[in-house]
Amino acid sequence: MLKCRTVWKKLAPLARDSSTLSRQSVRRAGLTNGSAVRVPAAHMSSGSAGGGGENKLYVLLVGAACLGGGIYAYRTVKGDQQRYMERMAEISSRPHKAASQKTTVPSQSEPPAVEATETEAVPEPKPQAALSSEEPSPPAPDAEAAAPRESAEPLPADSSPASPSVPSHAPYLLIGGGTASFAAARSIRARDPGARVLIVTEEPDLPYMRPPLSKELWFSDDPGVTETLRFKQWNGKERSIYFQPLSFYIHPEEFNSAENGGVAVLTGKKVIHMDVRGNKVKLDDDTEISYDKCLIATGGMPRNLQAIERAGEDVTKRTTLFRKIDDFKSLDKVSRSISSITIIGGGFLGSELACALGRRSTESGLEVIQMFPEKGNMGKVLPEYLSNWTTEKVKKEGVKIISEALVKSVNYKDDKLEIQLKDGRLVKTDHIVAAVGLEPNCDLAKSAGLEVDSDFGGFRVNAELQARSNIWVAGDAACFYDIRLGRRRVEHHDHAVVSGRLAGENMTGASKPYWHQSMFWSDLGPDVGYEAIGIVDSSLPTVGVFAKATAKDTPKAATEKSGTGIRSESETEDTAVSPVASSTPAPAVEQHKDGYGKGVIFYLRDKVVVGIILWNVFNRMPIARKIIKDGEEHADLNEVAKLFNIHED
């Protein structure tokens, strides 16, 4: 009965249409003969005279319509029943499929507009006709319960489900756990307070600052400093090397549910593959994390000498490549149990470690040797006269200097390491610290299809630190375009702060170019230190203006005045505004025999100042930054030096 009623509802309109068509035909026939014809409302004649042909045609039309409508209705109802049964069967089997199969996500060529649309449920076949009003529809609540729930954190394609402690999606993904990543995270949260930021780092530690590892930690009186990692700054204040305590971060398991967002850190995890088109990365445990915006801040790895690499296990296990917390702990332990240690390298790190260990040698009798291919310490940075003066200063710290030393081979013999130099000299020692530079970590370049600069190394990015539309690079691994000084790559703490902060701002839509010059500094103990900015290369022409130092012209005194041991934290926030020059006349450049207590060294390129070193001159970096930003030629740099007030007591 139900089917008959359904068929009649579908045929009734057809019958009415056919009857109307017949009456209209009769009316047209009457009007054609010139007289009105009255058409019976419900009488159909079957006689041969008076329009019998039209009646036959009418019968044929009605019959054909009935037959066609019946066939159509039968097939539609039958098809609807079959589709309904298939739909119910498919819905009931979804929970089993979800438990046994992996969810797949189609590759996307463009980043998704919102997280929730990144994964879609499998589309269902659309029925060709609507279900009959008499047929029961599947209850909506049951269908929703059986259907797979869409999530803003989808499982990546072709991978095992992520660990509960590893978020499957991060709006902001930062690769690397150093200073640049932390600065970017802080900048992102400042501009987007509800942002969720995920930091992935290979190291087992939370983000920390590296400079104290080669500076203040070595001068600590605390015997447990390797465990506490707390140190006294030159101004006597104590602090930790960690930027923030554990309570500052949210746990990775709470990453998706944190009401106000936050910063989570995945420690001991390495990103080994980057899918730029799919906006996702793969970790070394095969877990995949998708992202909306990504920062690469992978830093670098310490270089080693080929002579050491090919020397064998006995040599390599007695060699330290200094970079991380574990390296500091290991070297501290080793230096207390051996009689001789040799530092290879005359740059920032090598000279700082030499001075730190040299002071310890006066108490323990440790022999500290520093060798380098240049004529003096910091020979690639400082002009020759100042490099020679620095070398003498390092010697006074208890360090034996071997200059113009090129390592030919290293061997282990009679419980000693033998370093054979190319000029025939032989140096015997117990342990080696190789401080010969940094190699930017660009392992992700191949899988990500990112360009590595052939001249400077590092990921090649534009002035906004952008490598792709939603990928930025900051810190040691970034080869960026400086709008004032051209393409550069910088390996210093303050650059990590500045570039990380800029990248974070641009990840939230700031679109700012790199113009704020970062500074760097080095302390040869608490009495001698310098700060520098721009391009400082000893191969460039230099002009130095010096004055007699006073008791306040030391790193210790400078930190007592500024209140911070990491000087860049205060310097990078300042801006020079119309500095007032000293009225004291500037003397000519002093000679080496008179010493270099404090002063300013200008580095020139095409008669324009591109770099400045402030030697035992502190809290004047904003002035130096403004001089480089202006990019003007100066006829008399002695007059420019007056801006730093170095001749005032």
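What follows draws every value from the coordinates through simple rules; no lab data is involved. These numbers were taken from a predicted model, which means no experiment stands behind them. We place every Cβ from the backbone using ideal geometry, glycine too, and count neighbours over all the protein chains shown.
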Self-check item: region 230-340: equivalent-ellipsoid semi-axes (sqrt of 5 x gyration tensor eigenvalues, Cα, Å)
Solution: 35, 25, 12
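Rounded to two decimals, what is Rg over Rh for region 253-406 when you use alpha-carbon atoms and the Kirkwood radius? List each step's numbers first, then the result.
On the way: Rg = 21.5 Å, Rh = 19.1 Å.
Looking at region 253-406, the ratio lands at 1.13.
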Quiz item: Between region 292-329 and region 353-381, what's the alpha-carbon centroid distance in Å?
Solution: 20 Å
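Hey, can you rank 293-299, 487-493 by average C-beta count inside 10 Å, highest first? Present the calculation step by step, with values, prior to reporting the outcome.
Working: 293-299: 28.3, 487-493: 19.7.
By packing density, highest mean first, the sequence is 293-299, 487-493.
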Self-check item: Pairwise centroid distance, computed over Cα atoms, of region 216-274 with region 440-489, Å
Solution: 27 Å
Practice problem: Measure up Lys329/Lys396; Lys215/Lys428; Lys380/Lys548; Lys333/Lys380; Lys333/Lys396; Lys375/Lys416 against 29 Å on the Cα-Cα distance and list the ones that go over. | Solution: Lys333/Lys380
Quiz item: Mind ordering 641-647, 195-201 by average Cβ neighbours within 10 Å, highest first?
Solution: 195-201, 641-647
Quiz prompt | Potential lengthening between Gln420 and Asn462 on full extension [0.36 nm per residue; Cα-Cα distance subtracted] | solution = 10.7 nm
Quiz item: How high is the relative contact order of region 319-462, given as a whole-number percent (alpha carbon pairs under 8 Å, six or more residues apart)?
Solution: 25 percent
